[in-house]
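*Asks:* Attaching a single structure in structure tokens format; questions to follow.
The values are calculated or read from the model by the stated rules, or taken from the named source; none is laboratory data. Fair warning: this is a prediction, and the values are worked out from it, not measured in the lab. Please note: Cβ atoms are built from the backbone with ideal geometry, for glycine as well, and neighbour counts cover all protein chains shown. For accessibility, only protein heavy atoms count, side chains too; no ligands or nucleic acids. Shrake-Rupley method; radii C 1.70, N 1.55, O 1.52, S 1.80 Å.
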Amino acid sequence: MKSLQFSMLLLSLVLAALLSFSTGALPHEDFLRCLSLRSNDSSTISSVIYTRNNPSYSTVLESTIRNLRFNSTSTPKPLVIVTPSRTSHFQATIYCSRKHGLQIRTRSGGHDYEGLSYVAKVPFVVVDLVNFRSVDVDVENRVAWVQTGAILGEVYYRIVEKSRTLAFAGGIFHTIGVGGHISGGGIGLLFRKYGTGGDNVIDAQFIDINGKILDRKSMGEDLFWAIRGGGGGSFGIVLAWKLKLVPVPATVTVFSVSRTLEQNATQLILRWQEIAHQLPDEMYPDVTMMSVNSTQDGRKTILASFTSLFLGTIDELLPIMQQRFPELGLSRQDCSEMSWIESILYFNQLQNQPLEILLNRTFRTSVGGQYYKIKSDYVKEPISETALNGLFSRLSDEEASSAFIIFMAYGGIMDRIPEDATPFPHRAGNLYKIYYNVNWQEQDNVNSQKYIDWSRRVYNYMTPFVSKSPRGAYANYRDLDIGSNNVGITSYKQASVWGRKYFKNNFDRLVQVKTKIDPQNFFKHEQSIPPLH
């Protein structure tokens, strides 16, 4: 009898423990109570919180997931999504996440190529900046204050509302979030003329681990340097950027000329490598290569498309091309004149669409698939014809049916800005950057590994022909293949593997800034800057 009583007592204790755990000990419930207590107005913060029980949770989470590789049933999901609408919401979220052991992932546009802005392997909260996106343009002083959740399309649209001859030197794709774009450097159509997006930031509003709001003066030049290219998610949360606006002519010219291997594409690419980086600063030259079916006999061939934006008219462009690159045979018929803002639509393949499409945050491009793997390289010496032929043969593989590779010319002002001006180090000495993209459709996602393996094979093949010691990579083309931190303690040595590829010698200064601003490494992810322990 005593044995039975003891067993019943033990069972009741176990049940009580399980009940208390299920009703009160879950970290996100403590987190939510903390948010309510920390907020001056609990009604405002409750309206920007989405738990998994909220019917809008999935809609908010999926709204800006660009790479659907990270939207499967097995992808780790946040315990809570917070969409702050005022500064106090950020402060409460940081405080309560620290107190209750939750990691923060910050998302502006959702273009993180490895999903790190909304995926984590530990209990985490997503801070989604969708409500923090005002754009205030001051034409007279050629500046704009932009909250970090704005997308580039919103920035460009608000600028052009007030001036057709001012622009921001940001990226091409209009749904990219300003926060992530500038945090990783920010390359776009105007970078050979005006530098990166980070080069054109003159102030910022930043919230640190203690919830303090800092501007350039109060944060100091080291931290201001670090946030303009040192990668997002390492130091704190940037709330807003003060951007320098740059002049653009009323009329710009775009062109795209395509040639197959049978139409001498290989020789044109060889020549392009020699001259593209020496073209005027006003040009953005690139060449895109992909596999297509030959019209002659149905066999596969490579199509190379030579594309450029030119800050000027057709009449100004043609003599330059006839002198520098006559082999391309550029004609007036290949060119189109338009405004700068129309060139953004052109490069987004949205010609003939109203400008208002730039305000569509959830727009999904028809280019390629919605599942993809991206890699990057930098090239310092022209690649030989033999090496190009090897690359072309790999583009003809079955897995590469929707793949494409872009060579983006450097040079221009990038040759004249010091490597340590911002954390983004890829300046003088680079002929061009390579963008590798392999993508696939939903019905083939069960075979995703074969496409990822293809991208790795191509990357390995290119090793002898690209930058070395370190082999450079672009932080905004996030690639966990080049190295990652442990989920727990991150070592300087381990982070150096990928860190020097993104930041070269600037990595050490980033580590010093991190050690000073966030010594306990609260703001972290698989490729965040570590502190020195």
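*Asks:* Can you give me the P(r) profile for the range 336-438? Cα pairs, bins 10 angstrom wide beginning at 0, each as a whole percent.
*Replies:* 11, 29, 33, 25, 1
*Asks:* Moving on. Hey, which of these cross-link pairs are over 29 Å Cα-Cα: Lys121/Lys450; Lys217/Lys504; Lys468/Lys493; Lys244/Lys493; Lys217/Lys514; Lys373/Lys468? Provide the component values of the computation, followed by the final result.
*Replies:* On the way: Lys121/Lys450 24 Å; Lys217/Lys504 27 Å; Lys468/Lys493 19 Å; Lys244/Lys493 36 Å; Lys217/Lys514 18 Å; Lys373/Lys468 22 Å.
Among Lys121/Lys450; Lys217/Lys504; Lys468/Lys493; Lys244/Lys493; Lys217/Lys514; Lys373/Lys468, the Cα-Cα distance tops 29 Å for Lys244/Lys493.
*Asks:* Here is a further query. Please state the shape class of the range 91-236: rounded when a/c is under 1.5, otherwise prolate if a/b exceeds b/c and oblate if not, all from the C-alpha gyration tensor.
*Replies:* Prolate, because a/c is 1.5 or more and a/b exceeds b/c.
*Asks:* Among rounded, prolate and oblate, which fits the range 150-198 when a ≥ b ≥ c are the square roots of the eigenvalues of its C-alpha gyration tensor, a/c under 1.5 means rounded, and a/b larger than b/c means prolate?
*Replies:* Working: a/c = 2.24, a/b = 1.22, b/c = 1.83.
Taking the square roots of the gyration eigenvalues as a ≥ b ≥ c, the range 150-198 is oblate.
*Asks:* Tally Lys and Arg at +1 and Asp and Glu at -1 over the other residues with C-beta under 14 Å from the C-beta of Glu385: what net charge comes out?
*Replies:* Working: positive: Arg271; negative: Glu274, Glu381.
Taking every Cβ under 14 Å from that of Glu385, the sum is -1.
*Asks:* Continuing with the same structure: Mind putting a number on the dipole of the chain about its Cα centre? Charges go on the C-beta only, +1 for Lys and Arg and -1 for Asp and Glu, and I need it in Debye to the nearest 20.
*Replies:* Charge dipole of the chain: 1580 debye, to the nearest 20.
*Asks:* How large is the dipole of the range 26-102 about the Cα centre if only Lys and Arg carry +1 and Asp and Glu carry -1, each at its Cβ, rounded to the nearest 20 debye?
*Replies:* The calculated dipole for the range 26-102 is roughly 200 debye.
*Asks:* Kindly express, to the nearest 10 degrees and within the range 0 to 90, the angle between helix 265-275's C-alpha long axis and the longest C-alpha principal axis of the chain.
*Replies:* Approximately 80 degrees, to the nearest ten.
*Asks:* Sticking with this structure for a sec: Could you tell me which Cys residues in the chain have no other cysteine's Cβ under 4.7 Å from their own Cβ, answering none if every one has a partner?
*Replies:* Cys335
*Asks:* Something else: Quick check for you: with a 1.4 Å probe and neighbouring chains kept, what is the accessible area per residue of the chain, in Å²?
*Replies:* Ligands and nucleic acids excluded, the result is 42 Å² per residue.
*Asks:* Roughly what angle does helix 506-517 make with the longest principal axis of the chain, taking Cα atoms, 0 to 90 degrees, to the nearest 10?
*Replies:* That helix lies at roughly 30 degrees to the long axis.
*Asks:* Tell me, what HN-Hα J-couplings in whole Hz come from the Karplus equation 6.51 cos²θ - 1.76 cosθ + 1.60 at θ = phi - 60° for each residue of the range 186-194, using x for Gly and Pro?
*Replies:* Values per residue, Gly and Pro as x: x, 9, x, 4, 9, 6, 6, 9, 10 Hz.
*Asks:* Something else: Between Glu419 and Ser294, what FRET efficiency comes out of the Förster formula 1/(1 + (r/R0)^6) with R0 = 45 Å and r the beta carbon distance, rounded to 0.05?
*Replies:* Details: r = 43 Å, r/R0 = 0.96.
Efficiency for this residue pair is about 0.55.
*Asks:* Can you work out the PRE-style zone for Leu359? Point 7 Å along Cα to Cβ, and I want the residues of the range 113-157 with backbone N under 11 Å.
*Replies:* 154, 157
*Asks:* Here's another thing I want to ask about it. Take peptides 494-503, 167-176, 140-149 and line them up by average Cβ neighbours within 10 Å, highest first, as a rough protection proxy.
*Replies:* On the way: 494-503: 22.3, 167-176: 24.4, 140-149: 18.5.
Going from most to least packed, we get 167-176, 494-503, 140-149.
*Asks:* If you don't mind, there's one more thing I want to ask. At a 1.4 Å probe radius, carbon and sulfur cover how many percent of the accessible area of the chain?
*Replies:* 50
*Asks:* When every alpha-carbon pair in the range 403-533 is counted, what percent end up more than 18 Å apart?
*Replies:* 61
*Asks:* With everything on Cα atoms, drop me the angle between helix 27-38 and the longest principal axis of the chain, reported from 0 to 90° to the nearest 10.
*Replies:* Here the helix axis deviates by roughly 90 degrees.
*Asks:* What shape does the range 62-171 have by the C-alpha gyration tensor, where a ≥ b ≥ c are the square roots of the eigenvalues, rounded means a/c under 1.5, and otherwise prolate means a/b greater than b/c and oblate the rest? Walk me through the numbers before you get to the answer.
*Replies:* Numbers: a/c = 3.51, a/b = 1.74, b/c = 2.02.
Judged from the Cα gyration tensor, the range 62-171 comes out oblate (a/c at least 1.5, b/c at or above a/b).
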